[in-house]
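*Asks:* This structure is in C-alpha cells; I'll ask about it shortly.
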Amino acid sequence: MKRVKYKKVTNVQPNYFEYTGIHCIDPVEMQLFVYDDDGYEEYKKVSIERVEKEVLDPLQVEDVKWLNVHGLHDIELIKKIGALLQIDNFIISDILNVMRRPKMEELNDVLFFSIKSILPGEGSETRVEQISFLMKDRLLVSLQEKKSDFFAHIRERIKTHSGIVRKKKNDYLLYLLLEAVIENFYITMEAYEDNIENLIAEAKTSDKPDILVSIEKNRDSMNFLKKSLLPLRDALFNLKSIHEDDDYDGIEIANYTFFARLHQKTLELLEQIEYDMNTLDSASNFYFSSQSHRMNEIMKVLTAVSVIFMPLTFVVGVYGMNFKFMPELDYKYGYFIVVGVMILITAGMVFYFKGKKWF
C-alpha cells in the first residue's frame, strides 16, 4: 500500500502548487450541466471562459450548475476554477495533493469535500482515485484525477428528469455524487469478501505457507479501506455542526437526512471491515492451529514408535554384551525364544496404545 510521503521544498513561492498524482497523460476536459426543473443544457469539453459566462449569467442565477473536471495536472486551470469560486489557496493545494487525508471544510460560503474512490483492480491490486467537490451558491464542481463513469447514471437522471434531482439544489446533487463514490466501496468490499471466503476454505484444507502471505495482503487491503473510510465518516458526521451553524445555508435542512444516510453507510462498511478483519485473524489462527495439530500428530506417532523400540533395544543390548558366561547363548532354542519375546512385547504395546487411542 502507498504511504503518505512528504518532501521538504525550499526557496519556493508561497503560492506554489503541484499535482502529486500519476494521471498526467490525457488532456484535462471539463463538462458542464446547467439545469432546473424545466430543462437542462449540457456542454462537453467546455472552456473555463464559457464556464465563467454561464456562472455569471444573471438570467441563470437560479439554475443549478454542475462542472465536472477530468484531470488535475493542469495547474493553471485548477487555479482559475479556484479564483472563480474565490477559495483559499490551501484548498487548491488539498485538491492537487491526492495523498492527503479525505476531509470536509466549510469556509467563506464554500463547502469543500474530498473523498477516495476505491475499486478492485487486476489480481490483488486496488484502483484509488481522489475526487474533490466544491459547492458554492448554485454551482457544484467535481474534480476527478482521470476519466471514469462513476457519475454516468446521475447524468442520465438529469437528462431524463428521473427522480427529484432537477427539482433540488446542488446540495442534493452533491449527495448523489458522494453516494456514487461510496457505492464503489461496496463493490470493492464484495470483491475482497469473495477472496476472503476462498482463502478461508483453502486455509482449512491446505498447509501451504503462501496462504499466510495472501491473508496478510487481504488484511493490508482491509486496513487501507478502513483508513479511507474513517475520515469520510468523520466528515459526514461534521455536517451536523454545519447544520447547527446559522451562518451557512448551502445545504437545505430537509436534505441533511440524505447525508445522514451516507454516514450510516460508512458505519455499515466499517463494521463489515471489522468483521472481515476478524475473519482473517480467525483464518490465520486456524492455519497455525492446524499446523500445530498436524505436527502434534506426527510427534505422537514418532513418540509411540520410539517407546515401542525402547524395550526391544534393551533386550538387544543385553544379549549383545560380550560376557563369557551367558547360559541363554548355549541354549538350542534361545534365539527363537528371545525373538518371540520381542514380538510379544511389540504386539502388547501396540494393542495398549491402540486401546488408549494414542495413535
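The values are calculated or read from the model by the stated rules, or taken from the named source; none is laboratory data. None of the values given here were measured: they were computed from a predicted structure. No Cβ is skipped: glycine too gets one built from the backbone with ideal geometry, and neighbour counts run over all protein chains shown. Side chains are part of the model used for accessible areas, which takes the heavy atoms of the whole protein and leaves out ligands, DNA and RNA. Shrake-Rupley method; radii C 1.70, N 1.55, O 1.52, S 1.80 Å.
*Asks:* Somewhere in the range 204-227, is a residue assigned to a helix (DSSP H, G or I) and farther than 18 Å from Thr279 by Cα?
*Replies:* Within the range 204-227 (the criterion being assigned to a helix (DSSP H, G or I) and farther than 18 Å from Thr279 by Cα), the answer is yes, since at least one residue qualifies.
*Asks:* Restricting the search to the range 319-359, which residues are outside any helix (DSSP H, G or I), open to solvent by 60 Å² or more (accessible area, probe 1.4 Å) and closer than 30 Å to Leu302 by Cβ?
*Replies:* Met321, Lys357, Trp358, Phe359
*Asks:* Mind checking whether some residue in the range 13-27 is in contact with a Lys or Arg (Cβ under 9 Å, 6 or more places away or on another chain) and among the aromatic types (Phe, Trp, Tyr)?
*Replies:* Yes, that holds for at least one residue.
*Asks:* Would you be able to say whether some residue in the range 106-114 is polar (S, T, N, Q), outside any helix (DSSP H, G or I) and crowded, with 20+ Cβ neighbours inside 10 Å?
*Replies:* Taking every residue of the range 106-114 in turn, at least one turns out to be polar (S, T, N, Q), outside any helix (DSSP H, G or I) and crowded, with 20+ Cβ neighbours inside 10 Å.
*Asks:* Of everything in the range 47-87, what is β-branched (Val, Ile, Thr) and more than 19 Å from Ile154 (Cα to Cα)? Give them in sequence order.
*Replies:* Ile48, Val51, Val55, Val61, Ile75, Ile78, Ile81, Ile87, listed by residue number.
*Asks:* While we're looking at this one, here's another question. Determine which single condition Lys147 fails, assuming it passes every other condition in (1) closer than 30 Å to Asn218 by Cα; (2) open to solvent by 50 Å² or more (accessible area, probe 1.4 Å); (3) at pLDDT 90 or above.
*Replies:* Here Lys147 meets the rest and fails (3).
*Asks:* Condition first: surrounded by fewer than 16 Cβ atoms within 10 Å (Cβ to Cβ) and either among the small types (Gly, Ala, Ser) or under 26 Å from Leu230 (Cβ atoms) (or both). Now tell me which residues in the range 196-212 satisfy that.
*Replies:* Glu197, Ala201, Ser206, listed by residue number.
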